[in-house]
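Below: the structure, in structure tokens.
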Amino acid sequence: MINHLNNSLVSVIIPTMALHSRVQLLQRAVASIRTSSRQFVQIIVVVNGNKFDEKVCAWLKLQPDVHFEYCATPSLPAALLRGRELVHTEFFSTLDDDDEYLPDATDKKVQAIQAHPNADFLAGNYYRHSVEGIDSIGYSSLKEVPANPMKWLMHFNWLHSGSALYRSAAIGLEYFENIHPYAEWTWLAFRLSIDQKNILILDEPVFRYNLTAGSLSQSDAHFKSYIPLFNRMLAMSPPRSVARLIYKKMGAAYHDAADTALQKGLRKEAWRNHLQSLLKIGGLRYLGFTRHLLW
């Protein structure tokens, strides 16, 4: 049963596989949620798949502010959907199990969105933490986003797992149904933009994105997800100016796919992707790559 202690305003969803190798990261994530607010925050941890560690799960179940949920499907989108189903608070947010909120971040986000009752969700800035241990600011143009969120999304993904706070009444369950695998936040940002949801910007770091080995965002599957993602975007009939930018990004994705295939010795696949890149807007820039396929 969800804990409603202290009439919490915020739920935070953590999707995780609860691996033994990531237990310290997961514990850090949970601890960071606690220090992000002076108020009680309901933490919803959705363990997905069958690779979980029993001791990690046991630790989660002992935490008084954690609602433990198990989802048999080994899928981040499925875990997010299940987590959203369990939200009963006015606001909710998410956090990857290897990232961390900054101190007082949840309180700052809540105060900001409460001061703007027309805002459907808030997007904040973040620190990108390198493997060398160096923090750098994540977004340099975040303040420009509200003027044209969809256009700016074609330049950088302004929505990150740990950066947002959503008003539950405005961002319903439907936004987490059939979400795009490996590009969850880009797809969600696009959906919110095309539905003209009101965005509020908090241009200060609210969480730390830690680059870790084995992250899904660095996997081949992540990069392969973008061409299908762009096709889904185009199927929703975005404005012509945005569609042109999508076609341009699709050309770049096909070029990257061609280069990757060639490096793997998959010459036919490289040719197919290269020809697709040439057919997209701005594709002539990739014409020089042809010579690599002819050698």
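Any read-out appearing in this document is the output of simple, stated calculations on the displayed coordinates, not a laboratory observation. Note that this is a predicted model, so its numbers are computed, not measured. Cβ atoms come from the backbone with ideal geometry, glycine included; neighbour counts cover every protein chain shown.
Values for this structure:
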{"read-out": "Cα-only Debye scattering, the range 81-227: base-10 log of I(q)/I(0) at q = 0.11, 0.15 Å⁻¹", "value": "-0.40, -0.78"}
{"read-out": "Computed P(r) (all Cα pairs; the range 126-165; 5 Å bins; percent)", "value": "5, 21, 27, 24, 13, 7, 3, 0"}
{"read-out": "Cβ charges +1 (Lys, Arg) and -1 (Asp, Glu), total dipole of the chain, debye", "value": "1180 debye"}
{"read-out": "Theoretical FRET efficiency, 1/(1+(r/R0)^6), r = Cβ-Cβ of residue 144 and residue 35, R0 25 Å, to 0.05", "value": "0.25"}
{"read-out": "The chain - share of DSSP beta bridges that are antiparallel (%, nearest 5)", "value": "30 percent"}
{"read-out": "Kirkwood Rh in Å, taken over the range 1-63 so that all alpha-carbon pairs contribute", "value": "12.4 Å"}
{"read-out": "Protection proxy ranking of 8-14, 204-210 - average other beta-carbon atoms within 10 Å, highest first", "value": "8-14, 204-210"}
{"read-out": "The chain: C-alpha pair distances exceeding 34 Å, %", "value": "24 percent"}
{"read-out": "Per residue convex hull volume, Cα atoms of the range 150-189, in Å³", "value": "82 Å³"}
{"read-out": "Residue 170 paired with residue 135, simple spin-label distance in nm, labels 7 Å along Cα-to-beta-carbon", "value": "2.8 nm"}
{"read-out": "For the range 1-143, alpha-carbon Rg over 2.2 N^0.38 Å", "value": "1.06"}
{"read-out": "Of 51/197; 61/108; 151/197; 224/264, pairs whose Cα-Cα distance is over 26 Å", "value": "51/197; 61/108"}
